[in-house]
Amino acid sequence: MKRFPIGVQPYTVRELMAQDYTGTLEKLAAIGYRGVELGLPPAGMTVAEQKRLLGRLGLQVIGTHGPFDSLEADWEALFRYLDETGGRFIALSLKFASKEEVLAKSQELNRIGRKCKEAGVQLLYHNHDWEFVRFDGVSALDWLLQETDPEWVKMELDTYWVARGGEDPAAYLGKLKGRCPLLHIKDMEAGEEKFFAEIGEGVLDFVSIARAAEEAGTEWLIVEQDQSRRDPIESLTISWRHLQRMGLTGTNAEG
């Protein structure tokens, strides 16, 4: 089985990052994570200083996230940031009230994705569970995938939200060969609440997910836990250790 480089989405530690930006990144690197999805540094720190910090910690900028539920952004600024830090991906998430809205936004994603491609960046769509609502018998996410160019718009599939939307994450990855370079991995507790869980502590089968990710051509597994019943650093440590136990941590895309 492929051993993946493992990244982390700092949304998991957003409150800690606000209190101690440098110290929190140091803790993430100490756990073993080698990549981060990161945006501009906090006030008082330049991008050059951020880059030196990340270099000292052995952390690679994988990509960044654009605005939530909006297609309006300073794309040139995002391109400059990724060019300076070496990141390659911009991820977006949207909401849809109708099939017509999915189709219209898909065309906008094509336009933005082409602009990204011309700048040497790959646009990704990051799902939640609401994209599994059906319009004319087809899920919003399937409409989006059908209506967008696979070269201009790829996926950052999220395992928890796929399961929360009623689909099997490993099976859904089977639809995404060559189209899912980044995979957000998070687990789900058993029970009706379906709360977020550390990798290996919930009900999702990450060995099957990893096999499907390998077949899909996924480059990075990125741990994210939106909410935790534990201290978030402890949660990220538990997830890392379970990934090690599963034999999934590796160095394929690092450096």
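Bear in mind these aren't lab numbers, they're just calculated from the coordinates by the rules spelled out. The structure displayed is predicted, hence computed values, not measured ones. Using ideal geometry, Cβ is built from the backbone for each residue, glycine included, and neighbour counts are taken over all protein chains shown.
Between Gln60 and Gly35, Val36, the built amide H atoms are under 5 Å apart, and every one of these is 5 or more places off in sequence or on another chain.
Sites count as exposed loop sites when they are GluC sites (Glu not before Pro), lie in a DSSP loop, and have at most 10 other Cβ atoms within 10 angstrom; the longest stretch of the chain without one is 73-191. If R0 equals 35 Å, the separation of the Cβ atoms of Val203 and Ala30 corresponds to a calculated FRET efficiency of about 0.75.
Applying a threshold of 26 Å to the alpha-carbon distances of Lys117/Lys175; Lys27/Lys194; Lys2/Lys99 flags Lys27/Lys194; Lys2/Lys99 as lying beyond it.
Taking the inverse of the average 1/r across all pairs of different Cα atoms in the chain, what Kirkwood radius in Å do you get?
Taking the inverse mean of 1/r over all distinct Cα pairs, the chain comes out at 18.5 Å.
Contact order, relative form, for region 1-150: 18 percent (alpha carbon pairs under 8 Å, 6 or more residues apart, mean separation divided by residue count).
The amide H of Val223, built 1.01 Å from its N in the peptide plane, has Gly7, Val8, Gln9, Ile185 as neighbours under 5 Å, considering only residues 5 or more places off or on other chains.
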